[in-house]
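Every number here is computed from the coordinates shown, using simple stated rules; none is lab data. Owing to the predicted nature of the structure, the values given are computational and were not obtained by experimental measurement. Neighbour counts run over all protein chains shown; Cβ positions are idealised from the backbone, glycine included.
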4 protein chains.
Amino acid sequence: MKSNVRVAIVGGSGYTGGELLRILIQHPGVEITVVTSREYEGKPVHYAHPHLRGIISTKFTHVDIDTISSNADYVFLALPHKVSLHYVPKLLELGLGVIDLSADYRLKNPEVYEYWYGVKHPYPDLLSKAVYGLPELHREELRNAKLIASPGCNATAAILSIAPLVKEKIIDTSLLVIDVKAGSSEAGSKPYRGGHHPERENAIHPYEASGHRHVAEVEQELSLLAGNSIRATLVPHAVSSIRGVLASTYSKVVDDGVDEMKIWRSYASMYSKEPFIRIIRGHPPYPDVKYVIGSNFADIGFSLEKRVGRVTGFAAIDNLIKGAAGQAVQAFNIAVGFPEDYGLKTPPLKPA
Amino acid sequence: MKSNVRVAIVGGSGYTGGELLRILIQHPGVEITVVTSREYEGKPVHYAHPHLRGIISTKFTHVDIDTISSNADYVFLALPHKVSLHYVPKLLELGLGVIDLSADYRLKNPEVYEYWYGVKHPYPDLLSKAVYGLPELHREELRNAKLIASPGCNATAAILSIAPLVKEKIIDTSLLVIDVKAGSSEAGSKPYRGGHHPERENAIHPYEASGHRHVAEVEQELSLLAGNSIRATLVPHAVSSIRGVLASTYSKVVDDGVDEMKIWRSYASMYSKEPFIRIIRGHPPYPDVKYVIGSNFADIGFSLEKRVGRVTGFAAIDNLIKGAAGQAVQAFNIAVGFPEDYGLKTPPLKPA
Amino acid sequence: MKSNVRVAIVGGSGYTGGELLRILIQHPGVEITVVTSREYEGKPVHYAHPHLRGIISTKFTHVDIDTISSNADYVFLALPHKVSLHYVPKLLELGLGVIDLSADYRLKNPEVYEYWYGVKHPYPDLLSKAVYGLPELHREELRNAKLIASPGCNATAAILSIAPLVKEKIIDTSLLVIDVKAGSSEAGSKPYRGGHHPERENAIHPYEASGHRHVAEVEQELSLLAGNSIRATLVPHAVSSIRGVLASTYSKVVDDGVDEMKIWRSYASMYSKEPFIRIIRGHPPYPDVKYVIGSNFADIGFSLEKRVGRVTGFAAIDNLIKGAAGQAVQAFNIAVGFPEDYGLKTPPLKPA
Amino acid sequence: MKSNVRVAIVGGSGYTGGELLRILIQHPGVEITVVTSREYEGKPVHYAHPHLRGIISTKFTHVDIDTISSNADYVFLALPHKVSLHYVPKLLELGLGVIDLSADYRLKNPEVYEYWYGVKHPYPDLLSKAVYGLPELHREELRNAKLIASPGCNATAAILSIAPLVKEKIIDTSLLVIDVKAGSSEAGSKPYRGGHHPERENAIHPYEASGHRHVAEVEQELSLLAGNSIRATLVPHAVSSIRGVLASTYSKVVDDGVDEMKIWRSYASMYSKEPFIRIIRGHPPYPDVKYVIGSNFADIGFSLEKRVGRVTGFAAIDNLIKGAAGQAVQAFNIAVGFPEDYGLKTPPLKPA
């Protein structure tokens, strides 16, 4: 275990950047040396993040690879998709560790990338070197990893909701139906009409409903887990919260004899030692986004409708923490050799 | 067409009762003669419904069948499930028309009723006489109907979301997956811990997830429409709004050649002349609860993911209007012979 | 009384424009002939107002004075401040009636205008001809008025909250303290950072707190009512709703003998015959924005703390209706000779 | 400085109890040995606080003074007003330190207590021994204090908003007008009609508006600070958030020459070394509850309207933290000799 690892945050003014700051400030083993923002260059961090006033006095700078490489050991890239793409190889060459929070390095298969993103991936060899940063599936690979592709929030919730049942082949995986409900912070900090308060509050509607790209990560990871090709469809829905993603993943049991105990054992077998997964049963009966807000927990549960053989896996996460910054720090901790919960010990905030 | 039909509202102090009042006050052909409430007996209506202060001066009374039969031609029963059960035959005997907003008379098959409600239905013959009050499916039967079983909000959204595809056998109906998102008013006006503001606001969680009784209505109506037995599973989710239900109903197309145009034609063929259905495409691309709040509209749309052959039908309604009081009045209008939109012309309120 | 008055809405794509449309669609005496929008020119109204899909089929046009004057008798200007300024004299010259919802013609005294807006008013003579469109204070002047300056939402709530006590000189008016709480729709439909959902939801903060220009209207109107110069200070606060303004206006009674009955009589004497004012006491004890949403009502109440001689007048309005479009239509109805509640009969929507 | 101080929480199932748990779990110097709840006796803590599942495994017990005295050095009483009253002397006698979060021991003058609470205080001598637990005013007295009366949330915000101007006699204190806006968690975790989600969400209304008892604390503390008797009036308003209190305290400057710099210096002089006060100016211009949620910060700011000589002090706090549990722990830390921020280092959570 090292102490005083120096980290840079590239793209520090958005919501994910703000959460990285908030988490890393509380991390006993790191020093935040560089925080960049094009929009806020030269301004103190609290101009973009008024809640951090008095807590961190750093100023935003513009992105300069040399400055970063002189001052940081690890770099968190909290940039829009496709913007990270070309920074990654440069930073790796300079010997830095990279945790990329964009979608740019998450897919292993360059053809799948091209299918969903419409362009050839410029660094297909790096795709195979990147580790998909979901600790519950890739903890061993994450140790000493130099390039971590941190999962998206919808994909994290979707994968975790159903992974044990896929792994143990308890369900029919010919087409997993993933219905996601997400808060407004998922769309980022930049104002737009659909995110304007009078428009977004009280909205309940699907979006990008004819094939959401993040399903590619879900199919990749679940297929890997199952050892065969799995197909899924994912429809996200905007609901009237700021934080939180709930994934409800529907499938049918392959054998009518499957009961709740068998399903529960499957979840327990995979998750009972996970530091950031809580299996929910009883009180309350199912996961609720409400109980994870402000924390890195993924609360996981399920329901079985025996009458029709339908099972649904549920996962509730804070999209900005377990769905973004928190998970990135968790993976980083594993890569560096820190205790996995460094910076991530804050309990959820409730009621909030 | 009659004018000045006298109506009674039994159970007038809850949210559905309040909406019945609000709608019937604006109805040019009715006179509200009796409004009952056990809790508010003797008090003016605005004690339970402060928004109606100055608009209606009626006082709540207790339920008295004689008073109702002397003063009303039609009775709206806005009572909890199982409380309506015994009022209905008495009111019918006295020659009154009854619109029952509870679940008590919605199911045709007494065995199905017993399966879901755990008791034998005491008036199985009335089940066959009741008309399921969804005008889009039962308009002709509603004319002159004396007993209308008004559909539930989840069932209304679920059925309308997918009915055309079921009717035209475009989709595989071996198991329809219905994911419902609902606002807090669905649970009624009585305070309880899960509905307390600090608990309910920002919640996203499933409930009654191992088999929701209202799926029985959905299976009944869709089976009737298809001419064969259809199975469905329905999982409701609490989200952070007051009003609104969005149903997302997932299925697979039976034929890979099905395209968006074919699906759209199916919806248009069934709904284009419906006064309270709007088919949503383009601007915006999908239905949003936001755009129907305060109105009797059901906004219907769909998405097709060709890659995997998945189609999802969406229906957005105001749970207290098209999902309860508005639909009841729409069915009542048909039964009596009023124009279908009497009392229901108010446009949605937005932004709200 | 006329029927089929032709009206144009200039600036129809914002929230106030949308509310004018929604209200005038329900108005039995008008025909909406022109709706303009620079941004949505050529597009159907439902592109900007999806809730009105299927209700109105008009398309937005650009502003053309000739087209307006050929097709309309009255023009509602729902434009940003200073944009209305030069349209008004042109429209008046062509013989049209104008209801201006901006602040451009609300102040009588050109010097006061210049103090608050930083420029000389280009048409000072029109200032004296404009009627301040608050029916509760200017009903008689509104009859046959050709230029109506429709009040702002904060000013409407502030004036109505305290007018009776000012008129009857029950309170010390050396400095009225007006604390306003307002929903997000007050800032209009254009996205901006502070109005972005994740920023605005759960915010509670003051804004423009060192002297809000709309206090000028309040001082003007209350001074007129009192017959002497009255000073006030107004601090608006953003709170986490979409609709609604609550004004709490603090003052001291001039005489310790003043009791609740005297205050109540003062309110009753001024407001009891007003069609859109409800005096609130008892159940509930004070006005709540909750109970006026979707309506043109101003709910008015007060509290007296005898211990210190403090009295607070409260007014709750829907900022887009009694605070904008509804009040404009109410004043228009008076000007034209329609019943005052034409288009405005819809009860509040609750719970919402 | 001690380590491993043993603490008991009496009344651990409500919102304040939950926050005490959440904060003390993170506190490096304490051990939580007893948590009581009548309702949840025998149940694990996560039955009442699902967000703490997996974080704390303690079970609720009933209140037993002997058990508490054997197992705890300090007791936090998170009980309703008047319920704490008789526990306090017993616990003190047994040598325990007591932090009472109710209003029972906040007022120094038994007559004032009787005026507001309608009964004689049974332990008037203890009133003089209790230290009012606002560290910004009573830090020295808090050291080694055995009985701390922790301030209420409205009072905390009100006092902090204006204390510097009162202390330096910059304002007229003949009657301070305090307008408070508060989230729903202020009313506690017990469901009631006005707190039911469909009723509370989107509400904006005053309550207890004819003399709120917590003004007594404000008058007591500000009078002490000024050295003369100060009167204030406080009107709380329910707004549509879960957490947060904003106090806006209005007064007039005594001297027209007072400018922003003089006011700012006054705030800076009193607060610049306070660990949990941030003075807000510039970016953003005023405090916002949004930026303190989840933390013990009080964000303080002001506005001056020179035209009329009005100054308003603003204070934004999280009502459950700086307004309750956080402040109690801050005072406890001072009493025990811990660093003041132990358990309270978590930055605010934003956006939330």
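Of note:
- Here A:270, D:261 are placed in order of increasing Cβ neighbour count within 10 Å, fewest first, which gives D:261, A:270.
- For the residues of A:309-321, the average number of beta carbons from a partner chain within 10 Å of their own beta carbon is 3.
- Rounded D (µm²/s) - the range D:5-129, Kirkwood Rh over Cα pairs, Stokes-Einstein at 4 °C, 1.567 mPa s: 86 µm²/s
- Ellipticity at 222 nm from helices only: DSSP H runs of n ≥ 4 in chain B, each -39500 (n - 2.57), divided by the residue count, give -8500 deg cm²/dmol.
- Legend: translational diffusion of the protein assembly as shown by Stokes-Einstein, Rh = Kirkwood radius over C-alpha pairs, 4 °C, 1.567 mPa s; D = 39 µm²/s.
- Distance distribution P(r), chain B, all Cα-Cα pairs, bin width 20 angstrom from 0: 31, 59, 9, 0 percent.
- Inter-chain Cβ neighbour average for residues B:337-348, partner chain, 10 Å: 3
- Model label sites at residue C:39 and residue B:268, defined 7 Å from Cα along the beta-carbon direction, differ in position by 3.0 nm.
- DSSP-defined beta bridges in the range D:105-243 - what % are antiparallel, rounded to 5: 20 percent
- Whole-number percent relative contact order across the range B:153-319, with pairs defined as alpha carbons under 8 Å at least 6 apart: 31 percent
- The range D:89-222 shape via C-alpha gyration tensor axes, a/c threshold 1.5: oblate
- Theoretical FRET efficiency, 1/(1+(r/R0)^6), r = Cβ-Cβ of residue C:254 and residue B:66, R0 45 Å, to 0.05: 0.20
- Size descriptors for the range C:258-310, from the alpha-carbon set: Rg then Dmax equal 12.1, 37 Å.
- Here the simple spin-label model places points 7 Å from the Cα toward Cβ, and for residue C:116 and residue A:281 these points are separated by 6.5 nm.
- Distance between modelled label sites at residue A:109 and residue D:83, nm, 7 Å Cα→Cβ extension: 6.0 nm
- Proxy reagent accessibility, fewest Cβ within 10 Å first, across A:70, C:161, B:240: A:70, B:240, C:161
- Computed over the range C:60-204, relative contact order equals 17 percent, with contacts defined as Cα pairs under 8 Å that lie 6+ residues apart.
- Based on Cα contacts under 8 Å between residues 6+ apart, chain A shows a relative contact order of 18 percent.
- DSSP-defined antiparallel bridges as percent of all bridges, the protein assembly as shown, nearest 5: 45 percent
- Chain A: most fluctuating residue of A:312, A:67, A:36 per GNM, C-alpha cutoff 10 Å: A:67
- Cα radius of gyration and Dmax for the range B:153-319 (Å): 15.8, 51
- Cα long-axis angle, helix A:325-336 against chain A (0 to 90 degrees, to the nearest 10): 80 degrees
- With both residues required to sit in chain A, DSSP beta bridges show an antiparallel share near 45%.
- The mean number of partner chain beta-carbon atoms within 10 angstrom of a residue's beta-carbon across peptide B:171-179 is 3.
- Share of Cα-Cα pairs in the range A:39-91 lying beyond 12 Å, as whole percent: 71 percent
- Rounded to the nearest 0.05, the FRET efficiency derived from the C-beta distance between residue B:143 and residue C:139 at R0 = 51 Å is 0.60.
- Order of B:136, C:111, B:221 under a 10 Å beta carbon neighbour criterion, fewest first: C:111, B:136, B:221
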